[in-house]
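One structure is given below, encoded as structure tokens.
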């Protein structure tokens, strides 16, 4: 299957992220596991607030159908609303799952396997342009070139749908396991999703996954945490998702019908 790394707006949610290096003069906090928290102050505070129990996740880490859920989104991506509410529904279609996302810009859909493998999609971006498996690669390369012309070679486009609904490469996890991988538009590994353990979010059990990358030229800092997800262990749907690298996006589930 061809790469599906694109700038896209998912349920009026996340888009493309321009990434830049960390300032050498910053003293950034670290997790007990050693990774540097390379995010804005609100994201660092929230990530540091979670009490994590480092125990295995027996899973299975497979997506299941979910009724219509509402989400609150905050975004600093230019051209997107700073705050809005959107809905997501996940339903069974034979041996796959259809994810339907409705936001202010329209309706997007994606067909995934139970492990998150992305089979097909029809997603609307921040400019109202449809992104499908037929045009996504070319548009991603175009957008990456535009970002790099302004911000330098460290700027990339990532698959924002795959960051929120990743393809899980393992069905049971131990703390520290890499459970998913996220590539940039050039097919190069940009970040890994690393399982940390279980926590409680607003009274509900959640699996905590950090988004970790090794920024080129930042070996002194080591691996950088640029986001995280709290995942519902029963359905693998996101309860809370933050990606904060160049632009900040925060998505939190409000309720499910």
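Exactly one condition in (1) under 25 Å from residue 123 (Cβ atoms); (2) at pLDDT 95 or above; (3) in a loop (DSSP other than H, G, I, E, B) is not met by residue 156; state its number.
For residue 156, the exception is condition (2).
Which residues, taken from the stretch 112-144, are part of a loop (DSSP other than H, G, I, E, B) and more than 18 Å from the chain's Cα centre (by Cα)?
First, pick out the residues of the stretch 112-144 that are part of a loop (DSSP other than H, G, I, E, B): 113-117, 125-129, 133-135.
If the condition is that a residue be part of a loop (DSSP other than H, G, I, E, B) and more than 18 Å from the chain's Cα centre (by Cα), then 127, 128, 129, 133, 134, 135 are the ones that fit.
Taking only pairs six or more apart or across chains, which ones have beta-carbon atoms under 8 Å, a first residue in the stretch 159-186 that is on the phi > 0 side of the Ramachandran plot and in contact (Cβ under 8 Å) with a residue 60 or more places away in the chain, and a second residue that is in a loop (DSSP other than H, G, I, E, B) and surrounded by fewer than 23 Cβ atoms within 10 Å (Cβ to Cβ)?
Every condition considered, the pairs that remain are 176/33.
For the condition within 19 Å of the chain's Cα centre (by Cα) and within 25 Å of residue 232 (Cα to Cα), what is the one hit in 154, 172, 163, 184? Full working, then the answer.
On the way: 154 fails: within 25 Å of residue 232 (Cα to Cα); 172 fails: within 19 Å of the chain's Cα centre (by Cα); 184 fails: within 25 Å of residue 232 (Cα to Cα).
Exactly one residue qualifies, and that residue is 163.
Please determine whether any residue of the stretch 93-112 is surrounded by 15 or more Cβ atoms within 10 Å (Cβ to Cβ), modelled with pLDDT of 95 or more, out of contact with any strand residue (DSSP E or B) (no Cβ under 7 Å at 6 or more places or on another chain) and farther than 20 Å from residue 142 by Cβ.
no
For the stretch 42-63, give me the residue count where each residue is over 18 Å from the mean Cα position of the chain (by Cα), surrounded by 15 or more Cβ atoms within 10 Å (Cβ to Cβ) and closer than 23 Å to residue 254 by Cβ.
The number of residues fulfilling the criteria is 1.
The values are calculated or read from the model by the stated rules, or taken from the named source; none is laboratory data. What you are looking at is a predicted structure, and each value in this text was computed from that prediction instead of being measured. Counting neighbours? That spans all protein chains shown, and the Cβs are built from the backbone with ideal geometry, glycine included.
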